[in-house]
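Comments concern the structure below.
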Amino acid sequence: MGGIADVLGPILEMMTWVGFLPGVPLLVWGLIIERRRCAWTKTTGEVYTAGGFTGFRWTDQENVPRQTLVDSDVGRGLVAGTKVELHYDLCHPSRWGLKPPKHDNIILILGWILTGVGIVSTVGGFVLLLF
């Protein structure tokens, strides 16, 4: 009858490979995506109306005036001339929002989890060798 080391050894070895083989490439891919993502910044925009439509005007970091029309559900309740906090993409100023964007990088999260499983399994395998 084998001991607990005989059962845990192959399981930890398998979990090491299951963690590292997909985890490290996903981690690298997620970090590349994170580095290439354009930064968002915030500015103060002014609400304006044009022919029954509502929009925002703002000046970006390069002093270029920008303006956009908004959907009717976003523009509902906004009064012309009021100031709003606007968040926009520095690389693509046409991407904007009233709330800061939430950047979820599932690939990076999954890479960290799988690489962590691989590291814990490797350390567990070495600890198992000591006993």
Which residue, Ile32, Ile11, Ile113, tops the fluctuation ranking in a GNM of the chain built on C-alpha contacts under 10 Å? Ile11
Give the Cα extents of region 1-77 along the principal axes, in whole Å, largest first. 84, 30, 16
Taking the Cα centre of each part, how many Å lie between region 10-40 and region 101-131? 9 Å
As a Kirkwood estimate from alpha-carbon pairs, region 18-131 has a hydrodynamic radius in angstrom of 17.5 Å
Give me the mean projected area, in nm² to one decimal, of the convex hull enclosing the Cα positions of region 64-131. 8.3 nm²
With every protein chain in place, what's the accessible area of Glu13 (1.4 Å probe, Å², nearest 10)? 100 Å²
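Quick check for you: with a 1.4 Å probe and neighbouring chains kept, what is the accessible area per residue of region 61-131, in Å²? List each step's numbers first, then the result.
Numbers: 5190 Å² over 71 residues.
Per-residue accessible area for region 61-131 comes out at 73 Å².
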Not counting ligands, DNA or RNA, and with a 1.4 Å probe, what is Ser72's accessible surface area in Å² rounded to the nearest 10? 90 Å²
By how many degrees, 0 to 90 and rounded to 10, does the Cα axis of helix 106-130 deviate from the longest principal axis of the chain? 20 degrees
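The values are calculated or read from the model by the stated rules, or taken from the named source; none is laboratory data. Quick caveat, the model's predicted, so the values are computed rather than measured. In case anyone asks, the SASA skips ligands and DNA or RNA and just uses the protein heavy atoms, side chains included. Shrake-Rupley method; radii C 1.70, N 1.55, O 1.52, S 1.80 Å.
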